[in-house]
Structures are given as C-alpha cells and as structure tokens.
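Trainee: After the structure tokens below, expect a handful of questions from me.
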Amino acid sequence: MISAKFGWLRTIGLAISLASFALTACQYDIPITSRPTRKVQERLLGDWTSADGMEKLKLRSLDDSIYVVYYDGDLFRAYHSDVAETPFATVQDLNSSDRKYAYVIWKLSDDGKILRLRNVNDKVVPRETKDSASVVALLTKNASNPELFGDEIEFKKEK
C-alpha cells in the first residue's frame, strides 16, 4: 500500500515537473538568432532517454541546419544559436498556435552518449525582451552568471 502511494506521488510529481518545464521553456516571442549559427551535428541525432527513463527525446535533421525534435509527444523545430562561445539552441514549439521559443544550452559528452540540457532563466533574460540583438547582449553579458540557467535534464543515447 505504501509503495503504491509513493509511486502515485512520484508520478504526480513528475507530471508537475514536466508541465512546469513545458510551460516555462517555451516563453519567448523571438529567437536568439534569426538563423542557425552552424550546421546540424550528426552526433546529436538519434533517440535519447532521460536518466530516469520517463522522458523520450528524438532528434532528427530537417535539413543541413535545422533539427526536428520530438519530446514526449510534442514537436519542436530547433537550431544552433551560439553566443559568447556557448552552444545555445533556439527551440520553437510547433504544437502551439503562438509558436513561442525556448532558449536552451546543451552539452554532449565526449563519447556522445550523454546529452545535458538546461533552459535559460527568464529572470536573467526577461520574457519581455523584444529583439534578438537584446537577447544576444543579455546572454553575452551573463555568460558566466550561474543564475543564467535552470535545472539540468540529462538524456542517455539509445543504441
């Protein structure tokens, strides 16, 4: 009985976490950069699973610079928006009518088996920022600010 309640509470907690991640991740009206800053990286392509096995992420290339992302039932368009020698990505929600953007930093392990993602904190880069030049300036100014990023999500590459 206790383990069943714990499992239910864990499921509710995970659902709340995912909902808050989804609601806070896609919040900007404009992209970091209007165009990709580099081409698709083949090492990022594939199927990824969160460390706890609860979240699925699929990365595919749409063309030589754009990714199609499938994340737990939702579709996104993503591309590299490197700023201040930092590997940001502009991620656009394709399921919503307003097509808002998320700003994400990513890190791939040297062996290509672990992908870590973190969202940009909207307290450092406010949602109200209205042009890409201002976003780039804020990201550059805060590149070494530990408050720039939210919690990390880790994914393992499936074979």
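Trainee: With the requirement that a residue be at pLDDT below 95, assigned to a strand (DSSP E or B) and more than 20 Å from residue 120 (Cα to Cα), what does segment 37-57 give you?
Mentor: If the condition is that a residue be at pLDDT below 95, assigned to a strand (DSSP E or B) and more than 20 Å from residue 120 (Cα to Cα), then 56 is the only one that fits.
Trainee: Something else now. If you take the residues of segment 89-141 that are hydroxyl-bearing (Ser, Thr, Tyr) and part of a helix (DSSP H, G or I), which of them is nearest to residue 52 (Cα to Cα)? Steps first, answer last, please.
Mentor: From segment 89-141, those hydroxyl-bearing (Ser, Thr, Tyr) are 90, 96-97, 101, 103, 109, 129, 132, 134, 140; that's our starting set.
Imposing the further condition that a residue be part of a helix (DSSP H, G or I) reduces the set to 132, 134, 140.
Values: 132: 35, 134: 37, 140: 33 Å.
Selected residue: 140.
Trainee: Give me the residue from segment 54-90 that is under 17 Å from residue 148 (Cα atoms) and in contact with a helix residue (DSSP H, G or I) (Cβ under 8 Å, 6 or more places away or on another chain) and, out of that set, surrounded by the fewest Cβ atoms within 10 Å (Cβ to Cβ).
Mentor: Within segment 54-90, the subset under 17 Å from residue 148 (Cα atoms) is 81-90.
Of the ones still in play, those that are also in contact with a helix residue (DSSP H, G or I) (Cβ under 8 Å, 6 or more places away or on another chain) are 83-84, 86, 88.
Values: 83: 19, 84: 12, 86: 15, 88: 22.
Among them, the one singled out is 84.
Trainee: Within the group 151, 131, 110, which residue is closer than 23 Å to residue 75 by Cα and of a type in the set (Asp, Glu)?
Mentor: On the way: 131 fails: closer than 23 Å to residue 75 by Cα; 110 fails: closer than 23 Å to residue 75 by Cα.
Of the residues listed, the single one that is closer than 23 Å to residue 75 by Cα and of a type in the set (Asp, Glu) is 151.
Trainee: Okay, moving on. State all residues of segment 91-133 that are buried (at least 18 other Cβ atoms within 10 Å of the Cβ), out of contact with any Lys or Arg (no Cβ under 9 Å at 6 or more places or on another chain) and either of a type in the set (A, V, I, L, M) or on the phi > 0 side of the Ramachandran plot (or both); if no residue qualifies, say none.
Mentor: Selection gives 102, 120, 125.
Every residue, every condition in (1) touching a Pro at 6+ places or on another chain (Cβ under 8 Å); (2) modelled with pLDDT of 95 or more; (3) within 20 Å of residue 99 (Cβ to Cβ), yes or no:
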position: 1; (1), (2), (3): no, no, no
position: 10; (1), (2), (3): no, no, no
position: 13; (1), (2), (3): no, no, no
position: 19; (1), (2), (3): no, no, yes
position: 22; (1), (2), (3): no, no, yes
position: 27; (1), (2), (3): no, no, yes
position: 35; (1), (2), (3): no, yes, yes
position: 59; (1), (2), (3): no, yes, yes
position: 67; (1), (2), (3): no, yes, yes
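Residues checked against (1) within 25 Å of residue 135 (Cα to Cα); (2) touching a Ser or Thr at 6+ places or on another chain (Cβ under 9 Å):
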| position | (1), (2) |
| --- | --- |
| 62 | no, no |
| 67 | yes, yes |
| 78 | yes, yes |
| 81 | yes, yes |
| 84 | yes, yes |
| 100 | yes, no |
| 104 | yes, yes |
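The values are calculated or read from the model by the stated rules, or taken from the named source; none is laboratory data. Just so it is clear, the model here is predicted, and its values are computed rather than measured. Cβ: placed from backbone, ideal geometry, glycine included. Neighbour counts: every protein chain shown.
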